[in-house]
Amino acid sequence: MQIKDLKPRMGVEEIELEIVSKGEEREFANANGSGKVCSCAAKDSDGNEISVTLWNEQCSQIKEGNKIKITNGWTSEFQGQIQISTGKMGKLDIVE
């Protein structure tokens with residue numbers, strides 16, 4: 001799957017991306033719990049970019065330049081931009 005195929009609020013079976021830049025980690029707390037979150041910019045093999053949301057331990061695992069694979073991910077929309085994350089059931093792996 002490629003970024004151009006993504007739409008808001010859709011499941012993503014599998015996508016491979018390269019992390020281009022990584023934002024600051026920040027703490028969050030809500031009715032479901034608390035933890036860490038950070039946003040990254042990533043690109044696919046076509047050069048299209050998307051925002052990736054990392055949660056908790058993913059924030060410290062992922063570095064700029066890493067190639068990642070998201071399996072069973074989920075897209076959302078924030079301020080008109082599509083974002084992708086693993087959601088509750090997805091998986092994120094670093095690929096070489």
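The values are calculated or read from the model by the stated rules, or taken from the named source; none is laboratory data. Just so you know, these numbers come straight off a predicted model, no measurement behind them. Note: ideal-geometry Cβ built from the backbone for every residue, glycine included; neighbour counts use all protein chains shown.
The residue pairs whose first member lies in the range 43-67 and is of a type in the set (S, T, N, Q), whose second member is surrounded by fewer than 18 Cβ atoms within 10 Å (Cβ to Cβ) and part of a loop (DSSP other than H, G, I, E, B), and whose beta carbons are closer than 7 Å, counting only pairs six or more residues apart or on different chains, are Asn48/Gln2.
Could you pull out every one of the strands (runs of 3 or more DSSP E) wholly within the range 24-81 that has 1 or more residues that are within 11 Å of the chain's Cα centre (by Cα)?
The qualifying strands (runs of 3 or more DSSP E) are 33-43, 49-55, 67-78.
Step by step: first the residues of the range 42-76, then only those that are of a type in the set (D, E, K, R) and under 18 Å from Gln2 (Cβ atoms), then the one that is surrounded by the most Cβ atoms within 10 Å (Cβ to Cβ). Which residue is that?
So in the range 42-76, the residues of a type in the set (D, E, K, R) come out as 43-44, 46, 49, 57, 63-64, 67, 69.
Filter once more, keeping what is under 18 Å from Gln2 (Cβ atoms): 43-44, 46, 49, 67, 69.
Working: Lys43: 14, Asp44: 18, Asp46: 9, Glu49: 16, Lys67: 14, Lys69: 14.
Looking at residues that are of a type in the set (D, E, K, R) and under 18 Å from Gln2 (Cβ atoms), I get Asp44.
Each residue in the range 21-36 was checked for being charged (D, E, K, R), under 18 Å from Glu64 (Cα atoms) and without any contact (Cβ under 8 Å) to a residue 40 or more places away in the chain, and 4 of them qualify. Contact map, the range 2-16: residues that are part of a loop (DSSP other than H, G, I, E, B) paired with residues that are of a type in the set (Gly, Ala, Ser), Cβ distance under 9 Å, separation 6+ or inter-chain. Pairs shown: Gln2/Ser45; Pro8/Ser76; Arg9/Ser76.
Looking across Gln58, Gln2, one residue alone is in contact with an Asp or Glu (Cβ under 6 Å, 6 or more places away or on another chain), modelled with pLDDT of 95 or more and of a type outside the set (D, E, K, R). It is Gln2.
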